[in-house]
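The values are calculated or read from the model by the stated rules, or taken from the named source; none is laboratory data. Since the model is a prediction, treat every value here as computed from it, not as a measurement. Positions of Cβ are generated from backbone atoms using ideal geometry, with glycine treated the same way; all protein chains shown enter the neighbour counts.
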Ligand code: GAF
């Protein structure tokens, strides 16, 4: 059985109950949310200035809160994590030393966003965070938290910037406060997501083109391996560095400018570059196929993408490979692949609606761990929520 996605209104209600418990007040002044994302294709291409095709999810991070009179900040999360405190307080007065990363780790994303917010100084505030995006599941729980906090701060003090500037500030927060040299995909789609549309993003120009994914039609099934990935582990940074070195060796500013012909010869030390060059091309073809409703072709490109991430880029793992192979054994499945940074997290599968139950059952049977399933559709990006 697929899990049901919690309604945004239920998350807001949970955050409001915690707000009352923590601050003794009935109603916060502001409520906002920002979604996680699933990437349909175009993996590890964003920091090479290539193309990506993600969509925003109905899984979101909610922030509710109010202005403080001084410069004190208190943030509480409703998430349970036995190892980490659920509440953090600091002052924005003086230099930025209170924003130095530390514990709890979840608060580092908040501190990073405050540090890179485009309209300083910020007033103090009290807020509660609640999220339905699985943590460390490859669905951008961190970008959704960054973007939700930024959107909340915009209600307290407008920043006068545009959405791209907002995404870049949130990306910077991840670089400086989580130590992950991520690309721009997750933050952009969390801000710009649209109901019924995947977004083709050119990660060089940051131009975004909608690609309609109208349902009913095929379904998108997300399968969480429940194996938590750790993007901060050195592998992500290592891949990024390999790509930069490969681009320099080819005399290019980024791998976006390189062609397979230029890689000819000894490919043995350039397999990462080959993944990026081919994945960028695949993403453009996949967007075109989706526009035409050519789901079989789209599915074939998803499988090629997965195989390339597994064999060339080496960011998949046994659990993700098992889930993808199992999905592909079911009639009515167009394609399946790992999604996000890799080393755990989720797979995404495109399939006929009538095959969903069969696919879930078969994946459960063939998987060595315990997986969670969500049927999903493209949703709205970050937004301010009513508080009635
Ligand atoms: C993570 C990063 F945050 C993204 O920028 C992107 O590189 C992705 O991994 C891989 O495509 O989600």
Which condition from (1) within 11 Å of the ligand (Cβ to nearest atom); (2) more than 18 Å from residue 99 (Cβ to Cβ); (3) in contact with a strand residue (DSSP E or B) (Cβ under 9 Å, 6 or more places away or on another chain) is the one that residue 182 breaks?
(3)
If I ask for residues that are farther than 18 Å from residue 22 by Cβ and either surrounded by 21 or more Cβ atoms within 10 Å (Cβ to Cβ) or in contact with a strand residue (DSSP E or B) (Cβ under 7 Å, 6 or more places away or on another chain) (or both), which ones from the range 68-98 would you list?
71, 92, 98
If only one of 264, 195 is more than 12 Å from the ligand (Cβ to nearest atom) and modelled with pLDDT of 95 or more, which one is it?
195
Yes or no: residue 60 assigned to a strand (DSSP E or B), within 26 Å of residue 340 (Cβ to Cβ) and touching a residue at least 40 places away in the same chain (Cβ under 8 Å)?
yes
Being under 30 Å from residue 355 (Cβ atoms), under 18 Å from the mean Cα position of the chain (by Cα) and surrounded by 14 or more Cβ atoms within 10 Å (Cβ to Cβ) narrows it down to one of 186, 202, so name that one.
186
When residue 301 is run through (1) at positive phi; (2) buried (at least 22 other Cβ atoms within 10 Å of the Cβ), the failure sits at (1)
Taking the range 234-255 and keeping residues surrounded by fewer than 19 Cβ atoms within 10 Å (Cβ to Cβ), under 16 Å from residue 50 (Cβ atoms) and within 13 Å of the ligand (Cβ to nearest atom) leaves 240
Residue that is farthest from the ligand (Cβ to nearest atom), among those in the range 29-41 that are over 19 Å from residue 137 (Cβ atoms) and surrounded by 24 or more Cβ atoms within 10 Å (Cβ to Cβ):
31
Among the residues of the range 224-233, how many are surrounded by 22 or more Cβ atoms within 10 Å (Cβ to Cβ) and at pLDDT below 90?
2
Exactly one of 108, 163 is surrounded by fewer than 22 Cβ atoms within 10 Å (Cβ to Cβ), within 28 Å of residue 239 (Cβ to Cβ) and at pLDDT 95 or above, and that one is 163
Those residues of the range 4-28 which are assigned to a loop (DSSP other than H, G, I, E, B) and loosely packed, with under 15 Cβ neighbours inside 10 Å amount to 4, 7, 24, 25, 26, 27
If you go through 341, 332, 369, the only one that is closer than 27 Å to residue 146 by Cα, in contact with a helix residue (DSSP H, G or I) (Cβ under 7 Å, 6 or more places away or on another chain) and not assigned by the TED database to the domain that holds residue 35 is 341
Taking residue 49, is it within 25 Å of residue 235 (Cβ to Cβ) and either more than 16 Å from the ligand (Cβ to nearest atom) or surrounded by fewer than 24 Cβ atoms within 10 Å (Cβ to Cβ) (or both)?
yes
For residue 78: the one exception among (1) at pLDDT below 95; (2) within 30 Å of residue 295 (Cα to Cα):
(2)
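Take residue 378 and tell me if it is surrounded by fewer than 23 Cβ atoms within 10 Å (Cβ to Cβ) and more than 23 Å from residue 227 (Cα to Cα).
no
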Conditions first: (1) under 29 Å from residue 347 (Cα atoms); (2) buried (at least 18 other Cβ atoms within 10 Å of the Cβ). Residue 125 passes all but one, so which condition is the exception?
(1)
